[in-house]
Amino acid sequence: MKTLNSDNQQLFDKEIAGDDYYYLRSCIRQNFFPGAEKVFLDILTQKLGRKIIDDEHHTTCSGIGYHTDIVPFDTFQAIIARQFALMKEKGAVNAVVSCITSFGGYHEVLETWKEFPEEKRKAQENLKKATGRDFDVPKNIAHACDIIYKYRHEIARLAPYKLVNTHTGEPLRVVDHVGCHYAKIFPDKAVGGAEKTTVLTAMIEAWGGQPVNYPERRHCCGFGFRHYLVKPNRSYSISNARKKFESMQPYRPDLILTNCPGCNMFLDRWQYALAQIEGKTYSDDKNGIPVLSYEELAGLLLGYDPWHIGLQMHQVDLEPLLKRMGIAYSAEAKYRNAKGIPMTPPKFTGCLE
Amino acid sequence: MKMVVQQLADDVRLKEGMNACMNCGICTAVCPAAEYFEYDPRSIVVAVQSGNEEKIQQLLTSDTIWMCGQCMSCKTRCPRSNCPGIIINVLRKVSQATGAFVQSRLGRQQYLIMKTIGANLLRYGYCIHPSAVDIQNHPEQGPVWEWVYSNREEVYERLGANLDREGPGAMRKIATNDLLELAVIFEQSGGTVLWQSIETHSKNKAIELGLVDSQGNPCMDLYTNYLLNEDPEF
Amino acid sequence: MTKKKHIAIIGGGIAGLEAGSVLTRQGYKVTIIEKENKTGGLLNHWSSLFPDFSLPGEVLARIQPENPDLTLIHNTCIESIKKENGRFELFDKRHLKLYADALLLATGLSVFDASLKEEYGYGLFINVITSSDFERIHKAGQKLLTAQGDPPKRVAIIHCVGSRDAKVGNGYCSKVCCITGVKQAIAISRMLPECEVFNFYMDLRLYGSKYDALYLEAQKRHQIQFIRGRLSEVSENQDQSLQLKAEDTLQGRPLRMQADMILLLTGLEAARQNENLCKNNHLELDENRFFKSENMQYHRNCSRQEGIFMAGSCICPMSVNETLDSARSAAIEVDNYLTQKER
C-alpha cells in the first residue's frame, strides 16, 4: 500500500517562516504539558539556532471560550488583535502558535478580515479603545508543528535516537492524530491539506518510523468543547475517543503522535478512563498506547531527559517506548522535584493496575 | 425586538458559513455529534436556510443547537462551502442574546461554562488553569493528574515552567495590567453584555424553578447543582 | 465552379466524425485533427452504452466517414487559432498546420481525476475504482474482482464524484453519471449475481428517454439499493475492505457501511486545451470551462467568434445520441455560415 505520504501533495504546499518567530502559547499545552513548550523553545534556540520571542504579555486567545460560545466573535477578534499588537510592538511578523484551536482561530479571524474589512476595522477600534494599541496582520502564521516539520531533517541529523525498535531493528509503527482545527477549517493552511495531512507522517518518516493509517484517522478526538467541559456531557467525549482507539488497535501501534495539545491530553487520559470502565486496554499490555506530541517526540529523539521534558505528566507510561527505542533514562529520577528531592509518586501509572 | 431571522443575518459569520444547502448529508455523515446524539446538522442548515421565523425560534430553544462539538469536520467536506459548525455559533449567539437558551437543558449549561471557562479567562488570562482542573470534577484525569494537581508547585518548577509567578514561561502569572486589558476588551467588544444576558436569564430560570433563598432571590449554587444533575430528556 | 470551402474540425471523437461526415456529404472539404492516434474519442474506452447496453463499436462503425474530401490528421493537438483575412489559421505548438474557411470545435470531454477527491482514497486504497476503470474491466470481458482476487460481496457506487462540488471547482452536473451508475450497477449484478450493489446519490437525474425504465429494472430485477446521501469519506480497513461514511438523508441518520469495493462515478470536464484555443480570437469559455454559445437556446452550436462552431460535449456533457444530434445541428450552422458568406 502507498503510504500516507504520497508525493502528490503539491496542492497543499504552505509557506512556513524560517526564523524570527513570536511564540503564542497554548492554555492546554501549558497546563498539561508545560515541558513540551519548554523543549520546543529549547530545540528551536539551542539545537536549530533560531530566534523566537517568548513574550510574557500575551494571554489566552480565548478560543475555548469562543467555541463554547461564551466569548463573542467581536471579543475573540479583539483579543487576537491584541496578540498581533504585541507582536508589532516587538517587531515580530512570524507567529508560531502552540495551540491548534488558536491556530484555527487566528486563520478564521484573518479570513474574515480579508472578506469583510469592516470586521477588521471594528477589531482595530475595539482594541484601540480598550488598550490604546494598534496592530498589523502577521506576515506568517505557523503552528509550532509546522516549524518542527520544516526542520525535521535537520532534527534527524542531530538526533542520537530514531523511531526504531533497537531490539528488532524494525521501524516503530506510529499512528498520528491531527487536531481538527489544524486542517479541517482551512485545509490550505495545513501541511498536506485536510484529508491526507502529512505534517506528522512526514516527521515519522524522517525520524525512521513507519506511519500507519487506520480507518478513523480523521475522526475527532472527542473533545467537543462543551461536551468535555461540562461534567455530565463527558460521555460524548469518551465515546468519540473510544471510536478512535477501537479503530487503531488492530494495527498494534507503538505510539500515537499528535499535534494538538488537547488531543494529546485526551488520547492519554481517555485510555485510562476507558480501561477503568471496560477493564481493557488498546495495547498488548496494561499500560496502553503511549501518546506523544511532536515536540515531546523531537525532544526525546534529540536526547533530552524524558523527565525534564515532562513525560511523567502522562498517564500512559512512556517507559515501554523508551526501552524499545533504546533511550537511556533513570527510573528513580522520574518523580523528583527541581531540587532533586524524591516526591511521593502517583498512586499508579498506565491504564490498569 | 428584531426578528430572529434578522438577528442571525446580522452576524457576519452567517454570510461566511451559509452559502446554500443542497441536502446531500455530507456534513451529518462525518459529524461526531450526529453519531452520538439524535442530531443532524444538515437539517439545521436547511431550517436556517428556510428563513422561517417559527422553525428558527424552535431551534433556539432546543437542545439540538448545543449538541455540536465544534470540531468543524463539516466545513472540510461541504460541496457548497457551507460551514454548519459556524452556523451553530450564530444560532447559539442569538439563543443567548434572546434568553432562549434557558429553555433547553443543554442550553442552560452555558451558565456553567461562563462560571468556569469564563471566570478562568478573566481571572488567570487562561481558559484553563491547573488549580481549576480539580480532582473531584475530573476523575477521568486519572492518578497522574491527581499527583500533578496535588504537587503542582514542585512539578511545574521541575519542568522549567513558571506557575503563577511573574515573568515569561509556561503557566506564568499573567500580569495585572494584561488582565486588565483583557477585561476592558471584554467590556468594549460585547463580552460583558453577553455574560449579563446569560446571568440574567439564568437567574430568572432559577426563580422559575423555585431555586431561591428565603428572600425569594435566585440561589445560583442550587441552580448550578440543578444543572449538573439535570436528567436528559432524550 | 468555385473551389470547395474548407472546414477544420478539432477533435475526432463521435461529434467531430459525425459533423465531418455530414459536411463532406454537403460538398465541403473537411480536415479532422485528432490528438490521439485513433479516432472515436472516449467511446473507445466504454464497454456498453446506456440505456440499451448497445456496443460503442456499433456507433463507431456507422459514423466512420469515408469520403475523398475528408482528411484525418492524427497525433496533433491544436494549441491556438488565429483569424487572418477572414480565414482561420490553426497552430500546433507554434507551427502553422492549416487554413480553414470555418472551424468546428469538437474537443469533447476529459474525465475528472478522482484522486483529487482525496477523501475517497482513489489511487491510495486499492479497492476504490472509477467508472472508467469499470468500463475497461467490462470491455476486456473480465469479472470485477477485489485487489485480493475475490469477487466482491458488496459494491458501493458513488454518484457525483467531481460534479456539483465547489471543493473541486466543478459546480455543474455532469449529467450522464447517474444513468451510468444505474447501468454499471446492473452490469455488476449480471456479472456477480450474489453481489449486493448500493448506489449513493444526492439527486437521481435520469433525464433521458428510457432511463427511468432502467432504474426500475435495476431495482426490480437486480435488487440494486439506492441510498440518498452523498459519500463523505472512505477509509481502508486492515483487510483492505472499505468503510464508508454517508448520511441516509431520508432517515436523517448517519450511515456507516463496509464494502469490498467502491466505484466512483467520475464527472466530466471540458478538455484542457479549450483555454488555449480562446487566445487571439473571440472564443469564450463559460463558468464551467466549456465553450460558451452565442445563444444557449437558439444558437447552441455557435461560439462567440464568428466562423467558429461547436459540436457535442465541448458545449456541455452529453450522451452519445445527444452528441450526434449536436454534431448534425452544428453542420447545419456551418453550412449556413459559409453559404451566407458566399452571397
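Rule-based calculations on the coordinates, nothing more; no lab input. The structure displayed is predicted, hence computed values, not measured ones. Every residue, glycine as well, gets a Cβ built from its backbone with ideal geometry; the counts of neighbours run over all protein chains shown.
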field: Signed unit charges on C-beta, dipole axis of chain A, positive-most listed residue A:250, A:337, A:208
entry: A:337
- line: Scoring the range A:301-351 by relative contact order with C-alpha pairs under 8 Å, at least six apart, yields a percentage of 38 percent
- request: Take each of the peptides A:89-101, A:320-332, average the number of other beta-carbon atoms within 10 Å over its residues, and list them starting from the highest.
  value: A:89-101, A:320-332
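Does the range A:152-325 come out rounded, prolate or oblate, given a ≥ b ≥ c as the square roots of the eigenvalues of its C-alpha gyration tensor, rounded meaning a/c under 1.5 and, failing that, prolate meaning a/b above b/c?
In terms of gyration-tensor shape, oblate.
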Rounded to the nearest 20 debye, dipole of chain C from Cβ charges on Lys, Arg, Asp, Glu: 580 debye
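Net charge near residue A:350, counting Lys/Arg +1 and Asp/Glu -1 over other residues with Cβ under 9 Å of its Cβ?
Values: positive: A:286; negative: A:285, A:317, A:353.
Residues close to residue A:350 contribute a combined charge of -2.
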- line: Dividing the helical contributions, -39500 (n - 2.57) per DSSP H run of n ≥ 4, by the residues of chain A yields a 222 nm value, nearest 500 deg cm²/dmol, of -12000 deg cm²/dmol
task: Give the angle, between 0 and 90 degrees and rounded to the nearest 10, that separates the Cα long axis of helix B:220-229 from the longest principal axis of the Cα atoms of chain B.
output: 70 degrees
- request: Mind checking C:120-130 for the average number of partner chain beta-carbons within 10 Å of each residue's beta-carbon?
  value: 2
message: Beyond a 23 Å Cα-Cα separation, which of these cross-linked pairs lie in this structure: A:38/B:115; C:183/C:210; A:51/A:122; C:4/C:279; A:88/A:120?
response: A:38/B:115; A:51/A:122; C:4/C:279
- request: For an R0 of 41 angstrom, estimate the FRET efficiency from the Cβ-Cβ distance between residue B:150 and residue A:188 and round to the nearest 0.05.
  value: 0.35
statement: With +1 on the Cβ of every Lys and Arg and -1 on the Cβ of every Asp and Glu, the dipole magnitude of the protein assembly as shown about its Cα centre, in debye rounded to the nearest 20, is 1400 debye
message: How would B:87, C:129 line up from fewest to most surrounding beta-carbon atoms within 10 angstrom?
response: C:129, B:87
task: Go through A:244/A:286; A:139/B:93; A:184/C:167 and tell me which ones have a Cα-Cα distance over 21 Å in this structure.
output: A:139/B:93
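So what is the relative contact order for chain B, in percent, with contacts set as C-alpha pairs under 8 Å and at least six apart?
Relative contact order for chain B comes out at 16 percent.
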- prompt: So for the protein assembly as shown, taking the charge dipole from beta-carbon charges (+1 Lys/Arg, -1 Asp/Glu), which of C:187, C:197, C:222 sits furthest toward the positive end?
  reply: C:187
- request: Sort the following peptides by mean Cβ neighbour count (other Cβ atoms within 10 Å, averaged over residues), highest first: A:51-58, B:41-48.
  value: B:41-48, A:51-58
task: Take peptide B:82-91, look around each residue's Cβ out to 10 angstrom, count Cβ atoms belonging to other protein chains, and average those counts.
output: 2
- request: Using only atoms on other chains, find how many Cβ atoms lie within 10 Å of each Cβ of peptide A:193-199 and report the average.
  value: 3
query: Taking the range C:102-195, which GluC sites (Glu not before Pro) meet the DSSP loop condition and have no more than 12 other C-beta atoms within 10 Å?
result: C:194
task: Note down the net charge around residue B:42, summing +1 for each Lys or Arg and -1 for each Asp or Glu among other residues with Cβ under 12 Å from its Cβ.
output: +2
query: Nearest 10 degrees, 0 to 90: what angle lies between the long axis of helix C:14-25 and the longest principal axis of chain C (Cα atoms)?
result: 30 degrees
field: Restricting the range C:237-343 to chymotrypsin sites (Phe, Trp or Tyr not before Pro) in coil, as DSSP defines it, with at most 15 other Cβ within 10 Å
entry: C:298
message: With +1 on the Cβ of every Lys and Arg and -1 on the Cβ of every Asp and Glu, and nothing else charged, how large is the dipole of the range A:1-155 about its Cα centre, in debye rounded to the nearest 20?
response: 240 debye
field: Net charge of Cβ neighbours under 13 Å - reference residue A:234; Lys, Arg +1; Asp, Glu -1
entry: +3
message: From Cα pairs below 8 angstrom and at least 6 apart in sequence, can you work out the relative contact order of chain A, rounded to a whole percent?
response: 19 percent
Peptides ranked, highest mean first, by Cβ atoms within 10 Å: ranges A:130-137, C:90-97: A:130-137, C:90-97
